[in-house]
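What follows is calculated from the coordinates using simple rules that are stated; it is not laboratory data. These figures come from a predicted structure and were not determined experimentally. Cβ placement follows ideal geometry from the backbone for every residue including glycine, while neighbour counts extend to all protein chains displayed.
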Amino acid sequence: MNNSFGNAARLIGAGLRALLVLTLVTGVIYPLVITGVAQGLFSNKANGSEIKVDDKVVGSELIGQTYYLPKKNPDDAEEASVADLKWFQPRPSNGLGSNSVNTQYSLLLSGATNRSGDNGAVDGKCPENAEEGTLCAQVLGAKAAVIKDNSTATYKVKPADVPADAVTSSGSGLDPDISPEYADLQVHRVAEKNNLDVKQVEKLVDEHTSGRTLGFIGEPRVNVLELNIALKQLTEK
């Protein structure tokens with residue numbers, strides 16, 4: 001009996017010692033080492049890839065932002081947001097809807113709509129009278145808005161000029177980048193709204209266009225937040 005009790009006590013003691021050691025190694029030492037390495041070698045990425053202007057954080061290069069005019073009634077949740085057309089606009093950011101848990105903050109839930117590419121299509125094409133709520137209806141509505149918003153007195157956007165990322169959201173709904181084609185399409189409108197020369201704005205887009213990662217991964221892209229920061233600096237000169 002005493003022998004059995006002694007064996008049980010030794011097993012329990014060994015288990016507790018193993019628990020303590022593993023807790024220290026995996027729960028304290030390992031996280032501290034990884035955190036130290038991340039802060040020492042990849043500080044910017046470890047802290048959220050923050051973008052600062054005058055030492056003030058204005059966003060992250062990884063998360064897209066919307067650029068809307070102030071609401072007439074900030075307390076009216078039903079009032080539609082209107083794009084502020086003096087800024088470059090990001091991809092549509094429908095995500096999974098709006099935040100309904102903590103209504104103190106106006107948040108967008110990240111995620112895809114999970115609608116198939118032919119949602120609302122007829123014979124493989126989106127009809128002009130696509131059913132409301134379908135992907136086809138969203139794309140057609142977004143396309144019409146892009147054409148209308150970006151056409152100026154001297155520059156008319158053609159339907160064939162509208163790239164896919166101008167009318168569809170990314171898988172996360174929060175893509176911070178747009179294609180150079182979509183940025184170029186917005187140049188004339190941005191120049192007109194800010195009383196700038198088109199060549200100035202085109203140069204700005206070129207300077208903020210990043211190539212493929214390692215030269216072959218992904219597509220060329222333009223970070224909208226960084227581009228708009230540069231635009232603001234240009235208009236303040």
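Quick notes on this one:
- Kirkwood hydrodynamic radius of the range 2-44, Cα pairs, Å: 12.6
- CD proxy at 222 nm, helix term only [per DSSP H run n ≥ 4: -39500 (n - 2.57); per residue of the chain; nearest 500]: -12000 deg cm²/dmol
- Model label sites at Ala121 and Leu16, defined 7 Å from Cα along the beta-carbon direction, differ in position by 6.6 nm.
- Calculated FRET value between Glu219 and Ala46, using beta carbons and R₀ = 22 Å, to 0.05: 0.25
- Net +/- balance of residues flanking Val205 in space, Cβ distance below 12 Å, scoring K and R +1, D and E -1: -3
- Max mean-square fluctuation residue, GNM over the chain, Cα-Cα springs under 10 Å, options Leu62, Leu85, Leu41: Leu41
- Solution diffusion estimate, µm²/s, Stokes-Einstein, the range 123-212, Kirkwood Rh from C-alpha pairs, 10 °C, viscosity 1.306 mPa s: 109
- Cα centroid separation, the range 153-178 to the range 182-201 (Å): 15
- The modelled label-to-label distance between Glu131 and Ser172, using points 7 Å beyond Cα along the C-beta direction, is 3.2 nm.
- Across the chain, C-alpha contacts under 8 Å between residues 6 or more apart give a mean separation that, scaled by the residue count, equals a relative contact order of 17 percent.
- Dipole magnitude for the chain: about 760 debye, using +1 per Lys or Arg Cβ and -1 per Asp or Glu Cβ, origin at the Cα centre.
- Most mobile listed residue (Val57, Val167, Val190) in the chain, GNM with C-alpha springs under 10 Å: Val57
- The residues packed around Asp177, meaning those with a beta-carbon under 13 Å from its beta-carbon, carry a net charge of -3 if Lys and Arg are +1 and Asp and Glu are -1.
- Highest-first arrangement of 159-166, 11-18, where packing means the average Cβ count within 10 Å: 159-166, 11-18
- Here Lys158 is the anchor, and the aspartates and glutamates within straight C-alpha reach of less than 15 Å, apart from those fewer than 8 places off in the same chain, are Asp149, Glu181, Asp184.
- Packing order of peptides 67-73, 214-220, highest average first: 67-73, 214-220 (average count of other Cβ atoms within 10 Å over each peptide's residues).
- Dimensions of the chain from C-alpha coordinates, computed as largest minus smallest value along each principal axis and given longest first, are 96, 49, 45 Å.
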